[in-house]
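The values are calculated or read from the model by the stated rules, or taken from the named source; none is laboratory data. Worth saying up front: this structure is predicted, and the values here are computed from it rather than measured. Positions of Cβ are backbone-derived with ideal geometry, glycine not excepted, and every protein chain shown enters the neighbour counts. Calculation scope for accessible area: heavy atoms of the full protein, side chains included, ligands and nucleic acids excluded. Shrake-Rupley method; radii C 1.70, N 1.55, O 1.52, S 1.80 Å.
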Amino acid sequence: MKNLYSPNVDASTVDNLVSGTLIPCKVISGELEAGGGILLRGTLLTAEDDGTYTKYADGEINGVLLNDVDTDDDDERLSAAVACCGEFNQNKIDEVMGAETPAAAIVAARKQQLYIAPMEPAPEAY
C-alpha cells in the first residue's frame, strides 16, 4: 500500500478548490475505477455506465474529487468523497488536471450544478 500519510493532518491551509458561496451540498461516496493511479483532490470525474467514476478526459463532468485516492492500491477501498454540485476554482482544477478545462465541458457541467470558474486565491489567515 502506498503511503498517502500527511504529518500535518491537523494543520489548516487554504487550497482554494471550493469557492463562491454554494457549498458542495451533495457529496456522495463514489466508487472509483481501479488502475487510474493517484487521483488528487480537485480531479474532475466522469460517471461510467456501471456507476463507477473515472478521471475526466472527454465528455461530461459528473463530479469533483474531494480527497486524494490511490486507485492502483489493491489494499485500499476504491471509494472517495465526490462533490456532485458546488462552486469550484478552475485555476486549482486546471493545476490538478494538468491542462485547461474545455469551456464547453464547463458550460455542460452547469446542468448538474457544478459551477467551475477562475477565482482569485483567498488570503491566508494570520
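Taken one residue at a time, the phi angles of the stretch 24-40 give Karplus couplings (6.51, -1.76, 1.60, θ = phi - 60°) of x, 8, 10, 10, 10, 8, x, 7, 9, 5, 5, x, x, x, 7, 9, 8 Hz. Gly and Pro are set to x. Within the assembled protein chains, the solvent-accessible surface assigned to L40 is about 80 Å², based on a 1.4 Å probe.
If you add up the charges near Q112, with Lys and Arg at +1 and Asp and Glu at -1, over every other residue whose beta carbon is less than 11 angstrom from its beta carbon, what do you get? That works out to +2.
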